[in-house]
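A short write-up of the structure that comes next.
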Amino acid sequence: MATPTLVMTSFLLLLAFLFFLPAFSDTGVALFSDYHATLSTGQSLVNGENSVCINNDCQLDLRRADGSRWTSMRREADTKCNARINKRGEVIIRTEDGRVVDVLGDAGEVGSYALVLTPEGHLKTFGRTIWAGDLTATAATSTPYQRSRSDSEADPGYILYSSDRFIDVPESGTLLKNDKYRLILDSSDCELSVINEESRLHHLKVVNRVPTTTTTTTCEVKLTTEGELLTALNTVNPDKYGVDPVWHRVFGTGVTTVQPTEFIGALLATGELRIYPLKSRIDSNSGASRV
């Protein structure tokens, strides 16, 4: 039987062990260059079961849901660091006193960039922004936002990923949410709006609208691999005994790329909606750096 002294010693050792374990706090799935946001020791980006943190040796440490792992190459033993993405799309890792330890990714043109942990468990940079929403509100468009019971559904996040498929729109119509702002798809007229708790801030301009007098059934949305955000109003067509999709090109019209690529739409904490093309995949270089 263990003596009281031995039990107390074991208990104190356990407390000491738990005290010195790193405590990680979730900071979302992305960092944006505009706000100089940093990922510091003790913080992590989390997307599903994938996470990336910065260790006590200044390495970025990416752990995926499938059990695989990636770390950046350069190390500084027993040193606290932080990582951020700058206005050229480079991921800079610095010590607390500002000394650069590592630079990941090539420099692009000056602009707005994002570092994103994707649902697939990859660490990617996106930018520069090809479109940014104007949130100028007018008295004519400002209407009260009525909270519904469906607003309590799961948080949809603040990143929309490009796809060839339409996404499922929740009952509340909330596609993205960041702090007090929401990107809403109105199923009655297929309009996209950025709103806050008090008022509708801005209707995103819809071009190429096709008038219809048929009965609306559903409204869908997708971000294409060409950087266009499209909505489709599915309507009943009695003559064809079926449902016709009536396309509404919302924005991104005229944006050209050499070839289709990956895009994200991000609702920022300021209520601004931005579209970014893929720049690079950070975790595909086996930890290679430029320092």
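The values are calculated or read from the model by the stated rules, or taken from the named source; none is laboratory data. Only a predicted model underlies this, so the values are computations on that prediction, with no experimental measurement involved. Don't worry about glycine lacking a Cβ; one is built from the backbone with ideal geometry, like all the others, and counts go over all protein chains shown.
If you check residue 283 against the conditions, is it at pLDDT 70 or above and loosely packed, with under 15 Cβ neighbours inside 10 Å? Steps first, please.
Working: at pLDDT 70 or above: yes; loosely packed, with under 15 Cβ neighbours inside 10 Å: no.
Against the criterion (at pLDDT 70 or above and loosely packed, with under 15 Cβ neighbours inside 10 Å), residue 283 does not qualify.
Out of the strands (runs of 3 or more DSSP E) lying entirely within region 58-120, which hold 2 or more residues that are exposed (fewer than 15 other Cβ atoms within 10 Å of the Cβ) and either among the aliphatic types (A, V, I, L, M) or free of Cβ contacts under 8 Å to residues at least 60 places away in the same chain (or both)?
Numbers: elements: 60-63, 69-71, 81-85, 91-95, 100-104, 113-117.
Qualifying strands (runs of 3 or more DSSP E): none found.
Please go through region 243-280 and give me each residue that is farther than 14 Å from residue 194 by Cβ, modelled with pLDDT under 90 and in contact with a Gly (Cβ under 6 Å, 6 or more places away or on another chain), ordered by number.
Initial filter on region 243-280 (farther than 14 Å from residue 194 by Cβ): 243-249, 252-264, 276-280.
Imposing the further condition that a residue be modelled with pLDDT under 90 reduces the set to 243-249, 252-261.
Hits for region 243-280 are 252, 255.
Any residue that is farther than 24 Å from residue 278 by Cβ and β-branched (Val, Ile, Thr) - is there at least one of those in region 55-78?
The answer is no; no qualifying residue exists.
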